[in-house]
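The values are calculated or read from the model by the stated rules, or taken from the named source; none is laboratory data. For clarity, every value in this text was computed on a predicted model and none was experimentally measured. Heads up, the Cβs are rebuilt from the backbone with ideal geometry, glycines too, and the neighbour counts pull from every protein chain shown. SASA here: full protein model, heavy atoms, side chains in, ligands and nucleic acids out. Shrake-Rupley method; radii C 1.70, N 1.55, O 1.52, S 1.80 Å.
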Amino acid sequence: MSKGSRSLAASFALAVGLALSTATDAAAADGWQAATQDSGYNNGYAKYCSYSGDQVLFDTGQGCFQPYGDWVWIRDLDANGIPVGVSWSYYPPNGGASRHGLIYNSAGKDSGWGSVNKNFVEGGTFSWQTCEVNVSAGTVYGATCSESRSRPS
């Protein structure tokens, strides 16, 4: 094998390795994820939101989906020290494997918005509800969950 062929083969192997690494990282992004504190909520794009609890008066958290860019936003509305999360599911168009996860914000009421940027195939359906969560136990406090919402991705 010539020096040029070895170099091309090494470049190809590196590209394949990076592609597999990226695919693995994207797949690992489902499940439980911590939101990154983010001040960009008012970015001019439409969002659809749900609130935990039965009445606005008692809401403990707000979770929103922004179809443009597939952003999920979450903020804590209660100083009770219990983190809030967006429990979500994504169903791709024309069938295929669904994805599921939970994005949580454990930074507390005064921290503002947290966000995670997801990557979905256009034309699918994103469903979510907002709940209080126990991050260390990996559980959702079902009695605190909002009604489920759905939007096209």
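Within the range 125-147, the residues that satisfy the criterion of being of a type in the set (Gly, Ala, Ser) and in contact (Cβ under 8 Å) with a residue 60 or more places away in the chain are 138, 146. For the range 24-35, indicate whether the set of residues that are hydroxyl-bearing (Ser, Thr, Tyr), part of a helix (DSSP H, G or I), open to solvent by 20 Å² or more (accessible area, probe 1.4 Å) and at pLDDT below 95 is non-empty. Scanning the range 24-35 turns up at least one residue that is hydroxyl-bearing (Ser, Thr, Tyr), part of a helix (DSSP H, G or I), open to solvent by 20 Å² or more (accessible area, probe 1.4 Å) and at pLDDT below 95. Are any residues in the range 69-120 open to solvent by less than 40 Å² (accessible area, probe 1.4 Å) and either among the aliphatic types (A, V, I, L, M) or touching a helix residue (DSSP H, G or I) at 6+ places or on another chain (Cβ under 6 Å) (or both), and if so, which ones? Within the range 69-120, 72, 74, 76, 84, 86, 102, 103, 116 meet the criteria. Scan the range 55-86 for residues that are closer than 12 Å to residue 127 by Cα and in contact with a Cys (Cβ under 6 Å, 6 or more places away or on another chain) and the total you get is 1.
Evaluating residue 57 against the criteria (1) surrounded by fewer than 17 Cβ atoms within 10 Å (Cβ to Cβ); (2) part of a loop (DSSP other than H, G, I, E, B); (3) at pLDDT below 95 leaves one unmet condition, (2).
Got a sec? Which strands (runs of 3 or more DSSP E) wholly within the range 63-107 have at least 2 residues that are among the hydroxyl-bearing types (Ser, Thr, Tyr)?
Working: elements: 71-76, 84-91, 99-105.
Hits in the range 63-107: 84-91.
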